[in-house]
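The values are calculated or read from the model by the stated rules, or taken from the named source; none is laboratory data. Values in this document were obtained by computation on a predicted structure and should not be read as measured data. Reconstructed Cβ throughout: ideal geometry from the backbone, glycine too, with neighbour counts over all protein chains shown. Remember, those area values only see protein heavy atoms, side chains included, never the ligands or the DNA or RNA. Shrake-Rupley method; radii C 1.70, N 1.55, O 1.52, S 1.80 Å.
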Amino acid sequence: MDMHTVVLGTSGTTAQDVIAVARGAARIELPEETLAAVAASRAFIDDLAAKPDPVYGVSTGFGALAVRHISPELRAQLQRNIVRSHAAGMGPRVEREVVRALMFLRLKTLASGRTGVRPVVVETMAAILNAGITPVVHEYGSLGCSGDLAPLSHCALTLLGEGDAEGPDGVVRPAGELLAAHGIAPVELREKEGLALLNGTDGMLGMLVMACADLARLFTSADITAALSLEALLGTDRVLAPELHAIRPHPGQAASAANMLKVLAGSGFTGHHQDDAPRVQDAYSIRCAPQVAGAGRDTLDHARLVADRELASSVDNPVVLPDGRVESNGNFHGAPVAYVLDFLAIAAADLGSIAERRTDRLLDKNRSHGLPAFLAGDPGVDSGLMIAQYTQAALVSELKRLAAPASVDSIPSSAMQEDHVSMGWSAARKLRTAVDNLTRVVAVELYAATRAIEMRDGLTAAPATLAVLDAVRAAGIKGPGEDRFLAPDLEAAYAFVRSGKLVEAVEPVTGELA
């Protein structure tokens, strides 16, 4: 668990800090200059609230109800009501790390001094995160426009001491009880504060940041398993030569090819087929591995660029500008985030698809260049990894369905005031499933490739490959033999890949991989 402190200023945050708060135990610190900037913007809101002219979010209703001017004695009730009414999510609970990322990113915008909330709102949200209190947020309720409304509203409800939340012990209790147990006073909302708590793209952005981190590790893991499959199939590493990739200068492609070449350094397997079974070229799933994985890497770089821009943004409506103007805007629209979430789902599906094709080749005695059918101990008596490939194929099929973009859809809401929405939350939710599926696909390829390498006699694998074999066996992932209950082995391989241990096993031999 990461116990370092995240200092939240007015200019945004970093992906590393989001992950530290969401997945670790990093504490949030609000420096005096941040609280001063928040107080300064609040002064503008107080001035406007005292004037007779209606100002959206300050002295009016919301959305299609913005035409009504709200009298001062009803404004606190208005802000409470928007939180309560918008906390209308349904379905399964969202994961703790997603809720923490969502809250931290909303806090990031509140701390920017562009939303007009009082310092007490910012301090209370930070205190809730630091106490390990996690609001109960549900799967459905965001259209990705006007922010992730229902998810953020469930978080805002906790600030009021209402609704349910999970304590640091993992037990769900009434939020008011949890706040009291940690000495946190509920917030009494004032003008604009309810709106400011729920008008952002924070949920989809938090999931994007975490997906980018997970996919970066997965792309490296997939380069390793592709190299192991190439080796097990007695392929040639000549296609990985830097000069070949320099003439098609996609950075991701070059990085993947370099990774594979490092893993294969010193292998006695590669090119061996040229001696007695000439093969001019390997199949596309082997030869084009860097091109496919590399395209995914370049897509990931674009997604990170979008995420970094969002992390530096203040997303709210209306916003308080430095000169004191309070202006309505459309910055809450999730399209920029939704697009890259969908792009990444496409890249994940294609990477899974090519990995499954390599696994299938390892199991087919007509294409595996001397390996036993299905890598079975005694083919016919044993089925080997036949059904492990079925499982992998099912995962790939689902990856293809998950690659259908959410962001091309739009469903109007709020009496046609919100007549075009991004569906970015939905794009993020399916990407999380896609990342998990891809991890499992890579794990099955790892399982098959390591077994295949151990079934080759008379050849010496690359030093990096031998390090992988030692690590997977030390992790309790068994090697070749007669048929056995496979599910535990596959689950162990999944945990091995997901934890980053595959990359950790290789890098002491290869040096740092991209």
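Among the listed pairs Lys262/Lys365; Lys192/Lys430; Lys51/Lys192; Lys108/Lys192; Lys108/Lys501, those whose Cα-Cα separation exceeds 24 Å are Lys262/Lys365; Lys192/Lys430; Lys108/Lys501. In this structure the amide hydrogen of Val7, modeled in the peptide plane, comes within under 5 Å of the amide hydrogens of Glu29, none closer than 5 places in sequence on its chain.
Treating r as the C-beta distance of Asn366 and Ser11 and R0 as 60 Å, the FRET efficiency rounds to 0.50.
Roughly how many percent of the accessible protein surface of the stretch 400-514 is carbon and sulfur, given a 1.4 Å probe and a whole-percent answer? Working shown, then result.
Values: 2710 of 5080 Å².
After summing per-atom areas, the C and S share lands at 53 percent.
Using a simple spin-label model with pseudo-atoms 7 Å out from Cα toward Cβ, His69 and Asp419 lie 2.7 nm apart.
Extension gain Ser410-Ala495, at 0.36 nm per residue separation less the Cα-Cα distance, in nm? Each step should come with its number before you reach the end.
Values: separation 85, 0.36 × 85 = 30.60 nm, distance 3.69 nm.
Here the segment from Ser410 to Ala495 would lengthen by 26.9 nm.
For the chain, the membrane-span-like helix rule (DSSP H, alpha carbon extent of at least 18 Å along the helix axis, mean Kyte-Doolittle at least -0.5) picks out 32-49, 96-110, 202-232, 251-264, 289-311, 335-363, 386-402, 424-454; this says nothing about an actual membrane.
Return the equivalent ellipsoid semi-axes of the stretch 1-134 as a descending list in whole Å, where each equals the square root of 5 times an eigenvalue of the C-alpha gyration tensor.
Values: eigenvalues 180, 78, 22 Å².
Listed largest to smallest, the semi-axes of the stretch 1-134 are 30, 20, 11 Å.
Counting only C-alpha contacts under 8 Å and six or more residues apart, can you give the relative contact order of the stretch 1-80 as a whole percent? It comes to 21 percent, rounded to a whole number. Projecting the Cα atoms of Met423, Gly511, Val408 onto the dipole axis of the chain, where Lys and Arg carry +1 and Asp and Glu carry -1 at the beta carbon, places Val408 farthest toward the positive end.
Counting heavy atoms of the protein chains alone, Arg473 has an accessible area of about 70 Å² for a 1.4 Å probe. Summary of packing: across the peptides 7-13, 107-113, 481-487, 356-362, the per-residue average of other C-beta atoms within 10 Å ranks them, highest first, as 107-113, 356-362, 7-13, 481-487.
What number in nm² do you get for the stretch 402-465 if you take the convex hull of its Cα atoms and divide its surface by four?
Across all orientations, the stretch 402-465 yields a mean hull projection of 6.1 nm².
May I ask you to give the percent of accessible area on the stretch 212-329 that is carbon plus sulfur, with a probe radius of 1.4 Å? Answer for the stretch 212-329: carbon and sulfur cover 56 percent of the accessible area. Sorting the Cα pairs of the stretch 379-514 by distance into bins of 10 Å, from 0 upward, gives 11, 31, 27, 16, 9, 5, 1, 0 percent per bin.
Treating each Cα of the stretch 303-375 as one equal point scatterer and applying the Debye formula with no solvent, the log10 of I(q)/I(0) at q = 0.16, 0.25 Å⁻¹ comes out as -0.73, -1.07.
Grouping the Cα pair distances of the stretch 213-366 into 5 Å bins from zero gives a pair-distance distribution of 2, 8, 16, 17, 15, 11, 8, 6, 5, 4, 3, 2, 2, 1, 0, 0 percent in increasing distance order.
Note: the stretch 185-296, Cα convex hull, 142 Å³ per residue. A dipole drawn for the stretch 166-248 from +1 and -1 charges on Cβ atoms has a positive end, and of Leu230, Leu189, Val171 the residue lying farthest that way is Leu230. Residue-wise HN-Hα couplings along the stretch 65-74, as the Karplus relation 6.51 cos²θ - 1.76 cosθ + 1.60 with θ = phi - 60° gives them from phi, are 9, 5, 6, 8, 7, 9, 6, x, 6, 9 Hz; Gly and Pro carry x. Placing +1 on the Cβ of every Lys and Arg and -1 on the Cβ of every Asp and Glu, with no other charges, gives the chain a dipole of roughly 400 debye about its Cα centre. For the pair His250 and Arg401 in one chain, pulling the backbone fully straight at 0.36 nm per residue adds 51.6 nm over the alpha carbon distance. When every Cα-Cα distance of the stretch 77-165 is counted in 10 angstrom steps from zero, the calculated P(r) takes the values 17, 55, 27, 1 percent. The residue among Ala131, Gly330, Phe485 whose Cα reaches farthest toward the positive pole of the charge dipole of the chain, with charges on the beta-carbon of Lys, Arg, Asp and Glu, is Gly330. In the complete set of protein chains, residue-level accessible area for Thr5 is approximately 70 Å², probe 1.4 angstrom. Across the stretch 205-259, counting alpha-carbon atoms alone, Rg and Dmax equal 13.8, 43 Å.
In the context of the full set of protein chains, residues of the stretch 426-514 present 40 Å² of accessible surface per residue (probe radius 1.4 Å, heavy atoms only). Think of it as helices only: each DSSP H run of n ≥ 4 in the chain is worth -39500 (n - 2.57), and spread over all residues that comes to -17500 deg cm²/dmol at 222 nm.
Taken over the alpha carbons of the chain as equal point scatterers, the Debye sum produces base-10 log I(q)/I(0) values at 0.06, 0.12 Å⁻¹ of -0.34, -1.01.
Multiplying the residue separation of Asp298 and Ser328 by 0.36 nm and removing their Cα-Cα distance gives an extension gain of 7.3 nm.
Its Cα centre serving as origin, the stretch 22-85 has a Cβ charge dipole (Lys and Arg +1, Asp and Glu -1) of approximately 420 debye.
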